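For reference, the structure is listed below as structure tokens.
The values are calculated or read from the model by the stated rules, or taken from the named source; none is laboratory data. Model, not experiment: these values are computed from the prediction. Note: ideal-geometry Cβ built from the backbone for every residue, glycine included; neighbour counts use all protein chains shown.
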Amino acid sequence: MKVKPLGNRVLVRKIEEEERRTPGGIVLPESVKDEKAIRGEVVALGTADKFDVKEGDKVLISAYAGTEIRMG
């Protein structure tokens, strides 16, 4: 199913972070990671006339911004 945002909305796919390690080689668990910003890729733009991003752009968004959806 294809999702098309409306108006000034932007659809962003979360880019999964690679495993993080300390300089000593210790793997940091998910609970320790700083989740204030999430890396993502713009996959669709709404119907508004002007956007500051285009499809394929890599973006940083607040972990508390927008609405998370999961698709089968």
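The table that follows gives values for the structure above.
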| item | result |
| --- | --- |
| Counted residues, region 2-26 - those being under 24 Å from R70 (Cβ atoms) and at pLDDT 75 or above | 15 |
| Which listed residue is on the phi > 0 side of the Ramachandran plot and part of a loop (DSSP other than H, G, I, E, B), from G7, G24, G72 | G7 |
| Residue that is farthest from L6 (Cα to Cα), among those in region 27-69 that are touching a Leu at 6+ places or on another chain (Cβ under 6 Å), outside any loop (DSSP other than H, G, I, E, B) and modelled with pLDDT of 90 or more | V43 |
| R13, sole failed condition from (1) surrounded by fewer than 13 Cβ atoms within 10 Å (Cβ to Cβ); (2) in a loop (DSSP other than H, G, I, E, B) | (2) |
| For L45: the one exception among (1) touching a residue at least 60 places away in the same chain (Cβ under 8 Å); (2) surrounded by 10 or more Cβ atoms within 10 Å (Cβ to Cβ) | (1) |
